[in-house]
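Step one of this worksheet: look at the structure below.
The values are calculated or read from the model by the stated rules, or taken from the named source; none is laboratory data. What you see is a predicted model; the values in this text were computed from it and never measured. Glycine gets a Cβ as well: all are built from the backbone with ideal geometry, and neighbour counts include every protein chain shown. In case anyone asks, the SASA skips ligands and DNA or RNA and just uses the protein heavy atoms, side chains included. Shrake-Rupley method; radii C 1.70, N 1.55, O 1.52, S 1.80 Å.
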Amino acid sequence: DDGGGEALRVLITDAGMAVHTSTAATRVLPSADGQVGGLVLSNGTVLDVDVVIFSTGIRPRDRIARESGLAIGERGGIVIGPNCRTTDPDVWAIGECASFQGECTGLVAPGNLMADVVAKQLFGGLDAVYSPAAEGTKLKGVGIDAASFGDVFALTPGALEVTFTDPIAKTYKKLVVSDDAQRLLGGVFVG
């Protein structure tokens, strides 16, 4: 959310990294020796860089399924039902190539849940169904603690937000709870 994003921006900046938001990379410029030398952003900023890393998300590899006539989701991925079966009852799909309720996920945990459903069915548990758990995300690799889970934007009708920000300690904490404060719906933690 915005509060967590701002807290994360402060911590990343304090760690010596520059943060550019509301813009996109439009061009990579070569240096005099032909290596990477710069990056042009859509807002006109030109950055001196030595390395460019592209992180573009996942794209379901569903070519064989397409060629086989299986149903494919609007944004790609092999359409599956709650039992992880495709439109051909003899074919299952799991992981990032599977599209469940119009969504493909690139996280390992949902793929493992799907694999459990298929394994149970193969061994006689025909009533096994996939039910996605609320996804959580944890920032890794930059030495900054940041995590989110569940309904972080309080989209559930009647959801209440409880937020604590400490600019001195550079922490941000937010819980999203049901309107009766009896159920935890989501959260964001930074710092």
Subject >> Unmet criterion (only one of (1) at pLDDT 90 or above; (2) open to solvent by 30 Å² or more (accessible area, probe 1.4 Å); (3) not hydrophobic (A, V, I, L, M, F, W, C)) for GLY143 >> reply: (1)
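The rows are residues; the columns are (1) touching a strand residue (DSSP E or B) at 6+ places or on another chain (Cβ under 8 Å); (2) closer than 26 Å to ARG183 by Cα; (3) surrounded by fewer than 18 Cβ atoms within 10 Å (Cβ to Cβ); (4) modelled with pLDDT of 85 or more.
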position: GLY69; (1), (2), (3), (4): no, no, yes, yes
position: VAL91; (1), (2), (3), (4): yes, no, yes, yes
position: GLU135; (1), (2), (3), (4): yes, yes, yes, no
position: PHE149; (1), (2), (3), (4): yes, yes, no, yes
**OP:** Could you tell me whether ASP62 is touching a helix residue (DSSP H, G or I) at 6+ places or on another chain (Cβ under 6 Å), at negative phi and acidic (Asp, Glu)?
**Re:** yes
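Residue-by-condition table, conditions (1) of a type in the set (S, T, N, Q); (2) not in a helix (DSSP H, G or I):
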| position | (1), (2) |
| --- | --- |
| GLY4 | no, no |
| LEU11 | no, no |
| SER22 | yes, yes |
| ARG27 | no, yes |
| GLY37 | no, yes |
| ASP50 | no, yes |
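I need the full set of residues from region 19-53 which are open to solvent by 80 Å² or more (accessible area, probe 1.4 Å) and either of a type in the set (A, V, I, L, M) or in contact (Cβ under 8 Å) with a residue 24 or more places away in the chain (or both), in order please. Break it down into steps so the answer makes sense when it comes.
Narrowing region 19-53 to residues open to solvent by 80 Å² or more (accessible area, probe 1.4 Å): 20-22, 26-27, 30, 32-33, 35, 43, 46, 48, 50-51, 53.
Hits for region 19-53 are HIS20, ALA32, VAL46, VAL51, ILE53.
Please verify whether PRO89 is touching a residue at least 40 places away in the same chain (Cβ under 8 Å) and not hydrophobic (A, V, I, L, M, F, W, C), treating the condition exactly as stated.
Criteria not met by PRO89.
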